[in-house]
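Trainee: Mind looking over this structure? Questions follow.
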Amino acid sequence: MAAATLRALLEQSIDYAGMFPPCALELGPALTNQAGYVRLDDSWMLNAFVLPAGQFDAARQFLSEFDPGHPLRISALGTKTENATAFREALEEAHTAIRSFAAHNVDLISISQLEMFLPADADSSLLKEAQSILGSLPTFWEAPAERAEQTIALLAEHNSNADHPTFGYKMRTGGVTADAFPTSAQIAPALVAPATHQVPIKFTAGLHHPLRHYRDEVQTKMHGFLNVLGAAVLAAEHKWNAEQTVSMLEDEDARSFLFDDEFFAWRNWRIDIRRLKDRRRFVTTFGSCSFEEPREDLRALKLL
């Protein structure tokens, strides 16, 4: 049985992205996997199924695999665009698809959030337009690591002026090639800044495994989800700077991480379970094309 603090750190933390590389499953098999995962004892770690808005109609034929007790929870993925004009069109299309899909089979599906790339020319007025379209739907806007702090500041400004602050930042933490992985020094400011501004953050790609380590298939070191989620939580709790955050992101020793029913600790830094749950409101989920690898690795570390 998982320690209470491990459960608090990982509860509903994995957005299953089976349709995306490296797994790259077809829609049918990926949804069949999701239907099985929501019925597992480990389903407490599972959040939403990442589904491109353009695939909503195709997904209807697989809804019979779900039931009201085990519904399909969706993280809708909008189209990536290069500029504000194309972004507006793509956002309208995504919103129309979301409204149409959500209106049918309300007992079987729920759309919990939207993920979408934010073009470089986005500004506060564009975010205000987006809010008027999306209403209260939680949305995570992706921007590359070099634009992380700028984007987070923009989102924080918007949230401070909104009636319902629902915008968060989405950070890409890997891919299928070595050059797709940002360095720890690039990730760290993106963990420190949301803590300062209280902007929700989620992660995508490259976080299949609990701890940072070298992987032959990508010829580089992959970031660990315990490193990333843990560093985000502890950075917020203890007001870490980027240098301290890098130290945790690069720790490959499982003995540095301690989980029990009262505290989560990394080396000499710790957070109690109540504060950990509070911090998780802003450190949300990570997308993974596998729901099995994270669980297998946690079992290998004797954490599950």
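Trainee: Would you check if G54 is at pLDDT 95 or above, within 28 Å of H209 (Cα to Cα) and not aromatic (F, W, Y)? So that I can check it myself, show each step before the final result.
Mentor: Values: at pLDDT 95 or above: yes; within 28 Å of H209 (Cα to Cα): no; not aromatic (F, W, Y): yes.
The answer is no for G54.
Trainee: Inspect all residues belonging to the range 217-233 and state whether any of them is assigned to a helix (DSSP H, G or I), open to solvent by 30 Å² or more (accessible area, probe 1.4 Å) and either at pLDDT 95 or above or within 24 Å of T139 (Cβ to Cβ) (or both).
Mentor: Quick first cut of the range 217-233, residues assigned to a helix (DSSP H, G or I) only: 225-233.
Within this subset, residues satisfying the condition of being open to solvent by 30 Å² or more (accessible area, probe 1.4 Å) are none.
No - not one qualifying residue is present in the range 217-233.
Trainee: Hey, any hits in the range 35-47 for a residue that's over 30 Å from A231 (Cα atoms), surrounded by 14 or more Cβ atoms within 10 Å (Cβ to Cβ), within 21 Å of the chain's Cα centre (by Cα) and not β-branched (V, I, T)?
Mentor: Yes, the range 35-47 contains a residue that is over 30 Å from A231 (Cα atoms), surrounded by 14 or more Cβ atoms within 10 Å (Cβ to Cβ), within 21 Å of the chain's Cα centre (by Cα) and not β-branched (V, I, T).
Trainee: Any idea which of (1) closer than 19 Å to P210 by Cβ; (2) open to solvent by 30 Å² or more (accessible area, probe 1.4 Å); (3) without any contact (Cβ under 8 Å) to a residue 12 or more places away in the chain is the one R274 doesn't satisfy?
Mentor: The one condition R274 does not meet is (1).
Trainee: Which of the residues spanning the range 155-183 are in a helix (DSSP H, G or I), open to solvent by 40 Å² or more (accessible area, probe 1.4 Å) and within 21 Å of C289 (Cα to Cα)? Explain how you work it out, then say what you get.
Mentor: First, the residues of the range 155-183 that are in a helix (DSSP H, G or I): 155-161, 178-180.
Right, trim to open to solvent by 40 Å² or more (accessible area, probe 1.4 Å) and you get 157, 160-161, 178-179.
A178, D179, listed by residue number.
Trainee: Which of (1) modelled with pLDDT of 95 or more; (2) in a loop (DSSP other than H, G, I, E, B); (3) closer than 23 Å to L134 by Cβ is the odd one out, the single condition H209 does not satisfy?
Mentor: With respect to (1) modelled with pLDDT of 95 or more; (2) in a loop (DSSP other than H, G, I, E, B); (3) closer than 23 Å to L134 by Cβ, H209 is out only on (3).
Trainee: Taking the range 92-107 only, how many residues are outside any loop (DSSP other than H, G, I, E, B), within 13 Å of P71 (Cβ to Cβ) and open to solvent by 70 Å² or more (accessible area, probe 1.4 Å)?
Mentor: Selection size over the range 92-107: 0.
Trainee: Could you check how many residues of the range 252-271 are in contact with a strand residue (DSSP E or B) (Cβ under 9 Å, 6 or more places away or on another chain) and either assigned to a strand (DSSP E or B) or surrounded by 15 or more Cβ atoms within 10 Å (Cβ to Cβ) (or both)?
Mentor: The qualifying residues number 10.
The values are calculated or read from the model by the stated rules, or taken from the named source; none is laboratory data. Computed from a predicted model, the values in this text were never measured in an experiment. Cβ sites come from the backbone with ideal geometry, for glycine too, and all protein chains shown count toward neighbours. Remember, those area values only see protein heavy atoms, side chains included, never the ligands or the DNA or RNA. Shrake-Rupley method; radii C 1.70, N 1.55, O 1.52, S 1.80 Å.
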